[in-house]
Structures are given as structure tokens and as C-alpha cells.
Amino acid sequence: MSINKKLLWFCILILMITMISCSNKQLESSIQSDRIPMVMIENHLYLDSGEQLSIDIDDTSLIGTITSEVSNSEIPAKNNQSNFGHVGAQYASHERGIVVMIDNEWRLFRKEKLTLEKLLELSRKGQELSWNDFKSYDSTEIGSGLYILRYEIDESYYLLIGGNNPRKKPAYIRLVKADNSEDYIDIRENNVEEFISK
């Protein structure tokens, strides 16, 4: 093979490597820039639900404004910080989470949803688990007399944490099968992986 052909093949190889590298960087950049809009409030992240609410909010429900921002590829790390701009936008408490005024509409933001993967990781703490381990996840208070929080996980499972007082150790932390409320385990005492593999 002549020197010219070797040089040509070498140039083609370099060009291909460069194109693949650029393509990977563009893909990585695209994935990062697709991060869901979120805001940090009182040390908790609230994620955009995509839902606009036609509601009236009185001044007593207003709890703050967005004061700083990071790029849309980042996760907010400070209170009152968003990754979708709108510095100066007001936000208010709502029974389903937080609402933020965006383009003259109240947009619902909710805490991060608990997943089985996260639950498996948390269950490794066993008896050390507390209410605080779950406070960053979206829940609904369903107790009547007792303090009970329900965390929707997926179509097959939900989690119940119950007790007399959220300042004391929970009486139970149950992973429950959605199609049979009598089929559950306390994740502090039982193996979650075994339960979900049945």
C-alpha cells in the first residue's frame, strides 16, 4: 500500500473517531438538558408535574419567590432556586405539593416519587429507618387518629408508614401489594427483594 493510501486511511480513521466523539458529546448534552424542571424549597426538591391548576391562591398561602437559578442541566442546590429560570416567580403551598406562578398560570410541583430501587436501598438501614428517611418523597397523609403516610410507588406496590407521632419511631413501614392490602411486609424486618420477586 502506498504512503498516500495509508495517509488517506489514517485521515478517514481520525475523522470517524472525531465524528463519534462529537456525537457522544451531543447526546450527553441533550440528555442533561432534558432534566425535568425542579425547584428547591425548604431543603426539598419539587419536580414539575406538568399540570396547570385553575385555582385562586390567597396571600396567606404564598410562601416565597424563586430567587436564583441554575442551568436546565443541573439540579438546584439552594433554597428558592430553580433550573427553569423564572427568578421572581411566586410559589405557594398546596395540598398536593407546591404551585409556582409560571406564565400567569399556577403550575403544580411535587416531591420526587419513591421507587422500588430507592426503597431497596433504604431498606438496608433496617431498624434505623425513620420518618426522615422518606421526607423528600411525595406522599399523602391518610391517617385518621394515627399519623399515616402513603407513598405511591408503581401500579403494583405502595408504602405505608404509620405511628402515633412523627417525632417518634414509626410503628410500621409496610410495603403493600396494590391488588391485595393484606399482602405486605415491614421493610425493616423482611427482605424486600424476596417479597417483590414472588
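Within the span defined as the range 129-137, every residue fails to be outside any helix (DSSP H, G or I), touching a Gly at 6+ places or on another chain (Cβ under 9 Å) and modelled with pLDDT of 90 or more. So which of I153, I161, I142 ends up being of a type in the set (A, V, I, L, M, F, W, C), open to solvent by less than 90 Å² (accessible area, probe 1.4 Å), under 25 Å from L47 (Cα atoms) and modelled with pLDDT under 90? Checking each option against the conditions leaves just I142. The requirement of being farther than 28 Å from R174 by Cβ, surrounded by 18 or more Cβ atoms within 10 Å (Cβ to Cβ) and not basic (K, R) is fulfilled somewhere in the range 102-116, by at least one residue.
The values are calculated or read from the model by the stated rules, or taken from the named source; none is laboratory data. The model shown is predicted, which means the values in this text are computed figures rather than measured ones. As a convention, Cβ positions derive from the backbone with ideal geometry for all residues, glycine included, and neighbour counts pool all protein chains shown. The area values use the complete protein model at the heavy-atom level, side chains included, leaving out ligands, DNA and RNA. Shrake-Rupley method; radii C 1.70, N 1.55, O 1.52, S 1.80 Å.
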